[in-house]
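This report refers to the structure that appears directly beneath it.
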2 protein chains.
Amino acid sequence: MIGEILSTGDEICQGSVIDSNSAHIAYLLNEIGIAVTRHTCVGDDMDGLIKILSDIGKHADIAVITGGLGPTVDDLSAAAAAKAAGVELEFNNEAFLFMEEYFAKFSRKVPGSDNKQAVLPSGAVPIVNSCGTAPGFIFNIGRCRCYFLPGVPKEMEKMISRSVIPDILAYRGDEKSVTLRKELSLFGLPEALVNEKLKGLDAMFPGVKLGMLARFPVITVKLTAAGIDKTGLVHEIEKAAQWTAEQLGDKVFSLDGRSMEAEIASLLVKNKATIGVAESCTGGLISHLLTNVAGSSDYFLFSGVTYSNDAKKSILGVSEETLQAYGAVSEETIREMADGVRRISGASYGLATSGIAGPSGGMDEKPVGTVCVGISTKDETAVYTFHSPFKERLSNKQIFAICALDLLRKQLLKDIT
Amino acid sequence: MIGEILSTGDEICQGSVIDSNSAHIAYLLNEIGIAVTRHTCVGDDMDGLIKILSDIGKHADIAVITGGLGPTVDDLSAAAAAKAAGVELEFNNEAFLFMEEYFAKFSRKVPGSDNKQAVLPSGAVPIVNSCGTAPGFIFNIGRCRCYFLPGVPKEMEKMISRSVIPDILAYRGDEKSVTLRKELSLFGLPEALVNEKLKGLDAMFPGVKLGMLARFPVITVKLTAAGIDKTGLVHEIEKAAQWTAEQLGDKVFSLDGRSMEAEIASLLVKNKATIGVAESCTGGLISHLLTNVAGSSDYFLFSGVTYSNDAKKSILGVSEETLQAYGAVSEETIREMADGVRRISGASYGLATSGIAGPSGGMDEKPVGTVCVGISTKDETAVYTFHSPFKERLSNKQIFAICALDLLRKQLLKDIT
């Protein structure tokens with residue numbers, strides 16, 4: 001089955017907004033074995049819309065179209081779809097009912113200005129939108145089954161998972177088909193090398209599809225298996241995930257696609273442990289990541305972003321002698337920072353970073369990209385030095401932060417009793 | 001002139017990578033008055049590429065194509081372009097020279113495996129790539145002047161600004177045309193309302209184009225004027241920027257499109273001031289933003305991410321009585337946090353946040369989205385309470401952080417002597 005994706009809207013066509021919807025849709029279609037051959041974006045222009053919809057009707061089997069379902073004059077998708085299929089627009093009672101149900105949640109009636117959203121091509125089947133006012137709809141143009149969805153990512157994402165994918169499976173007679181997913185998150189390998197290491201997967205596990213999503217500096221490897229033999233698929237995808245984890249070794253930090261901070265969170269909770277952080281070069285990013293996890297106040301006690309040497313001394317108790325003799329970026333200083341923050345926060349773990357994020361501040365023996373990490377526990381304090389190849393400040397902060405959290409993760413795993 | 005954008009590559013078509021290149025290119029083309037009517041993305045498939053390139057050759061005047069210029073077998077752009085135009089591929093000496101120059105920077109010769117990157121359609125004019133190995137090229141297909149660029153964003157962005165835009169201007173006889181830009185950054189208005197407030201701009205300043213870029217929770221308004229009468233354009237765009245600033249009032253925090261943290265940085269430097277931060281609900285995000293600015297160690301002394309009440313007491317010196325009587329999210333506590341961090345850091349300004357980012361933790365009188373901000377100076381301590389409409393943790397952290405920095409900005413402006 002051939003799939004196409006069409007995003008509409010001047011804001012995307014003229015570059016005011018990056019189209020992230022299409023990647024999301026492509027990924028989900030690809031997962032259930034629909035080959036996405038083309039994405040197109042056109043502006044809010046009736047002729048342009050009719051032309052591309054007619055073309056999609058000739059070439060594709062399945063299409064997902066986003067945007068242009070709102071109440072204003074530049075929302076043209078329903079009208080363009082009707083023209084492309086040669087049918088009339090009509091008021092759709094079921095679509096209006098969906099809108100009534102949505103507004104009823106807020107004890108409101110559908111405002112008159114929104115009525116247009118229930119005017120759909122004749123024969124369209126509305127799709128419920130549980131978190132917005134504009135319903136979507138299913139409508140055939142030529143040989144293609146078209147799914148029209150709002151452009152708002154939150155609304156679109158819910159609707160495609162809940163309504164569109166199940167409908168596609170039913171449409172092609174795959175109601176009993178199940179899709180299984182496994183995700184592995186890793187840090188410390190470039191994408192090209194991950195690809196290289198996983199080259200044999202296709203041949204060994206022909207039923208498993210490999211995908212990859214890079215969110216610097218973390219890569220998520222996605223495995224998908226779809227079919228009707230659920231037991232067989234579970235076996236196949238588990239074996240593929242195990243093989244993948246072996247290929248990537250200790251670079252993998254999560255076997256279920258979680259973020260580094262979520263992984264740390266569950267390990268801290270499991271260990272009944274708490275954490276205090278002393279950040280120099282990471283400038284607050286480690287704390288920001290840790291506190292992005294809901295419930296983090298249970299284990300995250302304190303972080304001192306001690307940028308100045310004075311703060312390192314007065315807040316963390318790093319000694320003047322150490323700073324003088326070895327400098328702020330040294331294993332000696334990081335040891336005192338990690339111990340200091342563990343002591344003053346009363347946490348069971350102290351994590352500390354000090355380094356040179358750049359772009360300036362590098363020296364011959366400590367170039368930009370150098371980072372020292374310290375982990376203090378009640379039994380011992382471990383210190384590490386790493387070098388990132390990057391010269392750019394934000395990239396280095398990101399690498400330093402994930403690198404420090406990954407070392408903490410390994411320590412937490414060791415300490416599980 | 002009609003413009004089109006084509007991005008190529010399985011990784012985009014299948015949704016592993018979000019296509020951010022197209023928005024960047026569309027924005028720059030739009031700025032010089034080229035109407036971008038369509039973006040398309042196709043995978044690494046020869047037939048699909050030839051078809052879309054032939055189609056572009058019939059309909060567009062200018063096209064920018066990204067990706068597929070590398071050395072591997074799935075890099076098909078040059079071959080597809082040659083087929084679409086009905087010419088042969090040939091070894092391009094100038095392109096090879098560009099590659100030699102690139103490798104010479106690292107005292108290396110061009111590796112044999114990269115030779116393919118210099119094999120271009122007959123008649124193509126190579127475009128230098130100063131930060132990567134694959135040269136781009138200009139090549140006419142049908143009526144369309146096509147610019148082929150690498151898909152790596154860093155390389156593409158340099159090449160389009162340095163080579164493609166000037167070539168387009170020369171091609172249409174606008175060598176003397178200048179493009180002027182003004183950007184205003186604002187916080188605290190939704191995009192729809194900004195649009196509404198700026199509705200009259202087109203009519204009042206017909207030579208000025210309006211664009212908008214939303215990076216939650218900040219919006220950047222972009223004004224562009226292009227033409228050959230530079231003096232007139234300067235006058236026109238300045239007046240348009242002034243009118244825009246008046247419409248948006250004190251929501252505008254930068255008249256030259258800078259980030260909030262860059263704006264704060266220059267105000268702190270101007271005031272010869274330093275800053276200490278005490279973060280509760282923002283969890284380190286304010287520190288992370290402030291330290292993203294190179295040179296921030298000159299004025300950023302310390303941040304205490306005091307998540308626990310114990311840390312608020314022991315590190316910042318907030319009194320047990322205040323916490324007991326008013327709670328952690330209160331103007332009384334935030335006052336002591338701001339004063340405390342100013343005192344212990346020795347900074348001239350103390351900035352503090354405490355609030356409920358969610359998703360849980362809200363109460364009737366202090367719902368999720370409540371934030372208290374405190375600013376302590378040597379003369380006075382100001383405290384504020386705001387409510388965000390969001391229930392989602394990361395969105396609230398972002399709003400709280402920018403809100404606190406915006407209050408600090410206003411204080412710094414007041415204090416400029």
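Summary table
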item: Proximal charge balance of residue B:376 [Cβ under 10 Å; K/R count +1, D/E count -1]; result: 0
item: Projected label distance in nm at residue A:380 and residue B:202, using a 7 Å step from Cα toward the beta-carbon; result: 6.9 nm
item: Relative contact order computed over chain A (Cα-Cα under 8 Å; 6+ residues apart), in percent; result: 10 percent
item: Cβ-vector label at 7 Å, residue B:191, separations to other copies in nm; result: 2.4
item: Cα convex hull volume per residue for the range B:48-173 (Å³); result: 98 Å³
item: Cα convex hull of the range A:343-396 - mean projected area over all directions, nm²; result: 4.5 nm²
item: Neighbour-count ranking [beta-carbon atoms within 10 angstrom, fewest first] of B:72, A:224, B:353; result: B:72, A:224, B:353
item: As computed over the range B:66-113, the Cα convex hull volume per residue (Å³); result: 98 Å³
item: Folded to 0 to 90 degrees: helix A:331-345 orientation relative to chain A principal axis, Cα; result: 70 degrees
item: Degrees between helix A:230-248 axis and first principal axis of chain A (Cα, 0 to 90, nearest 10); result: 40 degrees
item: Hydrodynamic radius of the range B:178-254 per Kirkwood, over alpha carbon pairs, in Å; result: 12.5 Å
item: Dipole magnitude of the range A:2-171 about its Cα centre (Cβ charges: Lys, Arg +1; Asp, Glu -1), debye to nearest 20; result: 320 debye
item: Cα-only Debye scattering, the range A:298-415: base-10 log of I(q)/I(0) at q = 0.14, 0.21 Å⁻¹; result: -0.55, -1.21
item: GNM result for chain A, Cα springs below 10 Å: residue of A:369, A:227, A:86 fluctuating most strongly; result: A:86
item: Under 18 Å from the Cα of residue B:109 - aspartates and glutamates, other chains or at least 8 residues apart; result: B:94, B:100, B:101
item: Simple spin-label estimate for residue B:35 and residue B:343 in nanometres, 7 Å along Cα-Cβ; result: 6.6 nm
item: Unit charges on C-beta of K, R, D, E only; dipole of the protein assembly as shown, Debye; result: 480 debye
item: Selection from A:303, A:322, A:362, by position along the positive dipole direction of the range A:260-415 (Cβ); result: A:303
item: Loop-resident sites, the range A:80-169, for chymotrypsin sites (Phe, Trp or Tyr not before Pro), counting at most 11 other Cβ within 10 Å (DSSP); result: A:106
item: Neighbour-limited loop hits for trypsin sites (Lys or Arg not before Pro), the range B:248-288 (at most 14 other Cβ within 10 Å; DSSP other than H, G, I, E, B); result: B:272
item: D_trans [Stokes-Einstein, Kirkwood Rh over alpha-carbon pairs] for the range B:18-88, 20 °C, 1.002 mPa s, µm² s⁻¹; result: 163 µm²/s
item: Choice from A:22, A:280, A:319 with maximal GNM fluctuation in chain A (Cα, 10 Å cutoff); result: A:319
item: Value of Rg to Rh for the range A:151-289 (Rh from inverse mean 1/r over Cα pairs, i.e. Kirkwood); result: 1.04
item: Exposure proxy order (Cβ contacts within 10 Å, fewest to most) of B:162, B:108, B:38; result: B:108, B:162, B:38
item: Per-bin percent of Cα-Cα distances, the protein assembly as shown [20 Å]; result: 14, 42, 38, 6, 0
item: 10 Å Cβ shell holding at most 11 others, DSSP loop, GluC sites (Glu not before Pro): longest site-free stretch of chain A; result: A:176-364
item: Beta carbon of chain A nearest to the axis of the rotation taking A to B, residue and angstrom distance; result: A:284, 2
item: Shielding of A:23-33 by partner chains, average beta-carbon count, 10 Å; result: 3
item: Distances in nm from residue B:235 to the matching label points in the other copies, shortest first (labels 7 Å along Cα to Cβ); result: 8.2
item: Alpha-carbon centroid distance for the pair the range B:97-137 / the range A:225-289, whole angstrom; result: 40 Å
item: Beta bridge orientation in the range B:260-415: antiparallel %, DSSP, nearest 5; result: 55 percent
item: Segment residue A:269-residue A:119, length gained on full extension (0.36 nm per residue, minus Cα span); result: 48.8 nm
item: Antiparallel DSSP beta bridges within the range A:55-201, as percent of all bridges there, nearest 5; result: 70 percent
item: Those trypsin sites (Lys or Arg not before Pro) in the range A:291-382 that DSSP places in a loop and that have at most 16 other beta carbons within 10 Å; result: A:378
item: Around residue B:319: net Lys/Arg minus Asp/Glu count, Cβ-Cβ under 9 Å; result: -2
item: Per-copy distances of the residue B:90 label point, shortest first, in nm (7 angstrom along Cα→Cβ); result: 6.3
item: Estimated [θ] at 222 nm from DSSP helical runs (n ≥ 4, -39500 (n - 2.57)) normalised by residues in chain B, nearest 500; result: -11500 deg cm²/dmol
item: Flagged links, alpha-carbon separation over 25 Å, of A:391/B:222; A:313/A:397; A:312/B:312; A:230/A:410; A:222/A:410; result: A:391/B:222; A:230/A:410
item: On Cα atoms only, tilt of A:21-31 relative to the major axis of chain A in degrees; result: 80 degrees
item: Top positive-direction residue, dipole computed over chain A with Cβ charges, set A:87, A:124, A:168; result: A:168
item: Principal axis dimensions, largest first and in whole angstrom, of the range B:76-148 by Cα; result: 41, 20, 18
item: Principal axis box of chain B, alpha-carbon based, largest edge first, Å; result: 83, 51, 42
item: Within chain B, percent of DSSP bridges classed antiparallel, to nearest 5; result: 60 percent
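Every number here is computed from the coordinates shown, using simple stated rules; none is lab data. Just so it is clear, the structure is predicted and the values come from calculations on it, not from any experiment. Cβ sites come from the backbone with ideal geometry, for glycine too, and all protein chains shown count toward neighbours.
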